[in-house]
Amino acid sequence: MVAFAPALFALVALANIAVGQQCDGNVSMCPGNTDGVSQSYLQCNSWSHQYVSQNCPTGYVCYANPKKPTTVMCGLPGTGGVPDQGKCTGNTAKCVASGQTGAYYQCNQWSEQYQNANCPNGLKCYNNASNTGVFCQ
């Protein structure tokens, strides 16, 4: 038990580094600037100008807010955007590899980011004629 004490102290100290950082305005960030991992986030306190730790609702994790840079949102695990897929609008979708797998990207209308999705029952994904949606066959 004693051997773990220094390691635990170092971990707690690292976690608190961002909490003491100076900030200004209504800014927030996920710990370590990492999406989809932490159930807490760091929110700037406008009076002290330092980040304070806040908690997402139970079962939710922290994501950078794609609609409002320098702020975060709490979402269900796995609801963050797919890296390198860019922004999207409306009910658009696109296959990862049309006709080869059942995997596709579905636009999340609230975050305007693509999310991973899959065709049911082992069906393959195909892009529609206008390349704005998919169908599974």
Figure the gain on full extension for Val82 and Glu112 (residue separation times 0.36 nm, minus the Cα-Cα span) and round it to one decimal in nm. 9.7 nm
Relative contact order (%) - the stretch 29-82, alpha-carbon pairs under 8 angstrom, separation at least six: 34 percent
Gain on full stretching of the segment that runs from Gln137 to Thr70 - 0.36 nm per residue minus C-alpha separation: 20.0 nm
Quick one: accessible surface of Cys56, probe radius 1.4 Å, all protein chains present, in square angstrom to the nearest 10. 10 Å²
So, in nm, how far is label Val27 from label Ser98 when the simple model puts each one 7 Å beyond its Cα toward the Cβ? 4.3 nm
Probe 1.4 Å, all protein chains present, accessible-area order of Asp84, Asp35, Asp24, largest first: Asp84, Asp24, Asp35
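The values are calculated or read from the model by the stated rules, or taken from the named source; none is laboratory data. What you see is a predicted model; the values in this text were computed from it and never measured. We place every Cβ from the backbone using ideal geometry, glycine too, and count neighbours over all the protein chains shown. Only protein heavy atoms, including side chains, enter the accessible area calculation; ligands, DNA and RNA are left aside. Shrake-Rupley method; radii C 1.70, N 1.55, O 1.52, S 1.80 Å.
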